[in-house]
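Worksheet for the structure shown next.
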Amino acid sequence: MSAAITRRAALAAIGLGVCGALAACEGDTAPSDRTAQPGPNQPDDPTGAPSRAADSEILLAALDRAGELAQRCREITGATDWRATLQEQVQTALDEQVTVLANVLRAGNVEVPQPSTSAPAPSPDDAAASSGGPGDGATASGSPGDTAASTGDAADQTSGPSQAELAAAALRDLGQSCLEDVSATSLDSLSTVTAANLPMLISIAGQRGATAHLFGQVPRWGDLTGPTDAAANSLLAAYRPAVYGFEVLAARASGEERTAYEAVLDPLRTATRQITQLAGKAAAPAPLGYGLPTGTGDEDGRKRLAGELLAAIPPAIMGQTRAFAGDGASIAGSVRLLADAVRLAQPWNPVTGFPGMRVPGA
């Protein structure tokens, strides 16, 4: 495929089912801001074609849900700093989910509803005016606007929440909505999905769990009871090097940079211990040592290594999810591990629509 063809254009053009449109990352794929670095022992594109009629109802529901969240995200204005960056990433991810889900359904000869026509998103001033709140007339910079001048009640106009604060609250609400997609009921419903479409829906759920947490809404996960045995052991090849790598990064950094690495290191250690326990007798012995990572002598090099170590985890999780059809514990565990991996990586790797998966040839 020509390098000039974008990822979005490829999705729109191929019109294939999930096994054609998305696949676990391949071993020779270079990392990028839209594609996670492959994990160890990743297979080529999954074999076998998806059932054309499989899962149409749940896929239609997933499309409707992605469209709803995408529209809500688009209507939020005024975010600043890290929230603005994260909102942009989540918007791109949700829009991509809408595109892929629609293509998968069309490939299965399922009629895709036309998106509803929504009114233009309100401007910050319009939103404040419609709410009748004390922030009426404030501009994006926080300076009093014409409304404040006309009322002469500047104190009332400046005492309320700013547009950035309103946006932060709206993004927290969006995160709260994303929690619904990783509830026990939602995860149980994935146990009815066929192997053909299960990886895609696990990946979407992982994105939703990560988004919720990043916007300040922590999922209430159940106990991690899967994957187990050999499936759990295969994850250790990505988790163990990540733990070691972040130990090195934390040791070589200082101040806020070191704090950032330590904040990731503790959850990685906890997940690795849990996965080792789930692997049981199938767990391979931990290596006696690892080669010292290169490029850790400066901050930029350490950032690159952090991104690479964490980018290997989602493909390792997703590479085996086709085998989990009907296995509720492994499905729920994979969603939880994926959501945590995406969340921990977000300072270095953007949130994407299908973490751990990619479009072949894009």
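The values are calculated or read from the model by the stated rules, or taken from the named source; none is laboratory data. Keep in mind it's a predicted model, so treat the numbers as computed, not measured. Every residue, glycine as well, gets a Cβ built from its backbone with ideal geometry; the counts of neighbours run over all protein chains shown.
Here the condition is being touching a Phe, Trp or Tyr at 6+ places or on another chain (Cβ under 8 Å), at pLDDT 95 or above and assigned to a helix (DSSP H, G or I); of LEU86, LEU60, it holds for LEU86 alone.
Answer yes or no: is there a residue in the range 236-259 that is buried (at least 23 other Cβ atoms within 10 Å of the Cβ), in contact (Cβ under 8 Å) with a residue 60 or more places away in the chain and more than 22 Å from the chain's Cα centre (by Cα). Looking for residues that are buried (at least 23 other Cβ atoms within 10 Å of the Cβ), in contact (Cβ under 8 Å) with a residue 60 or more places away in the chain and more than 22 Å from the chain's Cα centre (by Cα), one finds at least one in the range 236-259, hence yes. Count of the range 76-118 residues, restricted to those that are surrounded by fewer than 16 Cβ atoms within 10 Å (Cβ to Cβ) and of a type in the set (Ser, Thr, Tyr), is 5. Among the residues of the range 240-255, none qualifies, meaning not one is of a type in the set (S, T, N, Q) and within 17 Å of ALA345 (Cβ to Cβ).
Considering (1) hydroxyl-bearing (Ser, Thr, Tyr); (2) free of Cβ contacts under 8 Å to residues at least 24 places away in the same chain; (3) surrounded by 12 or more Cβ atoms within 10 Å (Cβ to Cβ), the lone condition that TYR290 does not fulfil carries the number (2).
One line per residue, one yes/no per condition, for (1) closer than 19 Å to GLN89 by Cα; (2) out of contact with any Cys (no Cβ under 9 Å at 6 or more places or on another chain); (3) acidic (Asp, Glu):
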| position | (1), (2), (3) |
| --- | --- |
| ASP300 | no, yes, yes |
| LEU305 | no, yes, no |
| LEU309 | no, yes, no |
| ILE317 | no, yes, no |
| THR321 | no, yes, no |
| GLY328 | no, yes, no |
| SER334 | no, yes, no |
| LEU338 | yes, yes, no |
| LEU344 | yes, yes, no |
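When the residues of the range 45-57 are filtered to those that are in a loop (DSSP other than H, G, I, E, B) and surrounded by 15 or more Cβ atoms within 10 Å (Cβ to Cβ), which remaining residue is modelled with the highest pLDDT? Restricting to residues being in a loop (DSSP other than H, G, I, E, B) and surrounded by 15 or more Cβ atoms within 10 Å (Cβ to Cβ), the top hit is ASP55. In the condition set (1) touching a helix residue (DSSP H, G or I) at 6+ places or on another chain (Cβ under 8 Å); (2) over 30 Å from LEU101 (Cβ atoms); (3) at pLDDT 95 or above, THR296 is compliant with all but (3). One residue stands out in the range 159-200 among those that are in contact with an Asp or Glu (Cβ under 7 Å, 6 or more places away or on another chain) and among the β-branched types (Val, Ile, Thr): the one that is surrounded by the most Cβ atoms within 10 Å (Cβ to Cβ), namely VAL193. The number of residues in the range 181-219 that are without any contact (Cβ under 8 Å) to a residue 12 or more places away in the chain and within 30 Å of THR77 (Cα to Cα) comes to 2.
Tell me yes or no: at least one residue of the range 308-328 is of a type in the set (Asp, Glu), modelled with pLDDT of 95 or more and either over 30 Å from CYS73 (Cβ atoms) or in contact with a strand residue (DSSP E or B) (Cβ under 8 Å, 6 or more places away or on another chain) (or both). Yes: the range 308-328 contains one or more residues that are of a type in the set (Asp, Glu), modelled with pLDDT of 95 or more and either over 30 Å from CYS73 (Cβ atoms) or in contact with a strand residue (DSSP E or B) (Cβ under 8 Å, 6 or more places away or on another chain) (or both).
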